[in-house]
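Before any comments, here is the structure.
Read the figures in this text as sums done on the coordinates, not as results from a lab. Here the structure is a predicted model, which is why all the values come from computation and not from measurement. When we count neighbours, we look across all protein chains shown, and the Cβ atoms used for this are built from the backbone with ideal geometry, even at glycine.
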Amino acid sequence: MSHLVVGLSHHTAPLGLLERSLLDQQQGEKLLRDLVDTGHVAEAAVIATCNRLEVVADVERFHAGVDAVCDCLAAHTGVGLDELRSHLYVHYEERAVRHVFTVAAGLDSMVVGETQILGQVRTALRHAQDAGTVARSLHELLRQALHVGKRVQAETELSGTSRSLVDVGLGAAASALTGLTDKVALVIGAGTMSSLASHALRRAGVATLLVANRSANRAAHLAAAVDGRVVAPESLTDALATVDLVVSCTASTTPVLTVGALSDAIAARGGRPLVLVDLAMPRDVEPAAADLPGVELISLETLRTGGPGLPGAGVDSVSAAREIVTDEVATFLGALRAALVVPTVVALRSMAAEVVAAELARLEGRLPELEPGELDEIQISVRRVVDKLLHAPTVRVKELAGDETGPDYERALRHLFALDPRAVEALSAYDPAPEVLP
């Protein structure tokens, strides 16, 4: 089995395609189950964010695995297979491991060094566990990816020198408004991104902060935390007529701010400019709003193609993070290669134990006059000789297993000692259930 990654992200796909490819949790778990039901994917997890959708899989054959993933992605996203394939990237074996570690480290994000991706990788593992599509292989890969991400955060300045998507969006808004001090801002939504935006706006010195959300309780909770005021949904158009800046990041599947609603508000603004920052996926603001007079729309597409401060991380921090990823990839792959020889070593020692037991039983039958103590001494001596003969080759093959030539030594050991392939395969197939992610 080998690791495989197939996906699309802000590096390879336009925002519209990413938007069409969004899957909710239920759809994602259905995708996972369908993947393993193809018979070509042994394990699967899905990393889904506003800027990426990728399948991390364990497959026996490369081409069959890629075809199975592509077909399932097309079926579940509704995007045509030909269109989808033109934007997909594929990573296999070592490149797949490196990609997953790079993603978890925040090095592949739109804003390099952002830390939210680590939680999204953790969510991918948890959802795969819930769907029953992850076993030992992907569990170890994704848990190690989480370790890599934490190590990068602890040992480098990447997350400290880099800005979040919220920071970049507000930076663009500040440029458009020549600063945020004394401005009136409206935040639509009450989730994590909205909370980050609200606190950032307060730190930037906005004079008035309004919060709107479908849930009055959640809106009130966030408004209280940032000394803001709640705007009822039915009063949203009136609020749009008075504010300088709107930051929208909801989980709505349809636009929250339509061209019609914005047109009514603009008519009452008397020509005052309005900046809209849309951080949602799918988009909260209809793209045509950018053509309205006096409106500047800052979207994920805007930030990807020309947002200030991107990627936002210092060269030294990025270099240090990449070194950690390289080191962790080598360690992980070495451990995988070392694990491959364990079944062979166990099978060799089991075969040796069976040979010793058979020979001792025959000796006992041929020499019935031996005293029990004498027989015990013979047994100890024979087992000691066998252990000493096997010690050097088994230790050496474990040492060499971490190297790229390790599999060659493992195969040589099997052939030299004529080990039963079925015994080795049975031991290799043993896969105790991984612990559930807390």
- request: Describe numerically, in nm with one decimal, the distance between label points set 7 Å from Cα along Cα→Cβ at A251 and at E399.
  value: 5.5 nm
statement: Across 20 Å bins beginning at 0, the whole-percent shares of Cα-Cα pair distances in the chain come to 21, 43, 22, 10, 4, 0
query: Can you list, largest first and rounded to whole Å, the semi-axes you get for the stretch 27-88 by taking the square root of 5 times each eigenvalue of its Cα gyration tensor?
result: 17, 14, 11
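Quick check on the chain: helices-only [θ] at 222 nm, where DSSP H runs of length 4 and up contribute -39,500 (n - 2.57) each and the sum goes over total residues. Nearest 500, please.
-18500 deg cm²/dmol
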message: Tell me whether the stretch 165-306 comes out rounded, prolate or oblate; compute the Cα gyration tensor, take square roots of the eigenvalues as a ≥ b ≥ c, and use a/c under 1.5 as the rounded threshold.
response: rounded
- request: Express in nm, to one decimal, how much length is gained between E364 and D71 on full extension, taking 0.36 nm for each residue of separation and deducting their alpha carbon distance.
  value: 99.1 nm
- line: Connecting every pair of Cα atoms under 10 Å apart in the chain and solving the GNM, the largest mean-square fluctuation among P255, P287, P368 falls on P368
task: Treat each spin label as a single point 7 Å out from the Cα along the C-beta direction, and report the V356 to R20 distance in nm.
output: 6.6 nm
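By how many nm would the segment from S235 to T331 grow when fully extended, if each residue of separation counts as 0.36 nm and the alpha-carbon distance is taken off?
28.8 nm
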field: Against the rule of thumb 2.2 N^0.38 Å, how large the Cα Rg of the stretch 2-161 comes out
entry: 0.96
- line: Whole-Hz Karplus couplings 3J(HN,Hα) for the stretch 114-120, θ = phi - 60° and coefficients 6.51, -1.76, 1.60, Gly and Pro as x, run 5, 9, 5, 4, 5, x, 6
task: Would you kindly derive the ³J(HN,Hα) couplings of the stretch 186-195 from the backbone phi angles with the Karplus curve 6.51 cos²θ - 1.76 cosθ + 1.60 (θ = phi - 60°), listing them in order in whole Hz, with x for Gly and Pro?
output: 10, 10, 9, x, 9, x, 4, 5, 5, 5
statement: Out of G189, G260, G179, a Gaussian network model of the chain with alpha-carbon springs under 10 Å gives the largest mean-square fluctuation to G260
- line: Taking 0.36 nm per residue of separation between A216 and T38 and subtracting their Cα-Cα distance, the length gained on full extension comes to 59.6 nm
Hypothetical label at D291: residues of the stretch 241-258 whose amide nitrogen lies under 16 Å (7 Å Cα-Cβ projection): 258
query: Could you give the dipole magnitude of the chain about its Cα centre, charging the beta-carbon of Lys and Arg +1 and that of Asp and Glu -1, in debye to the nearest 20?
result: 900 debye
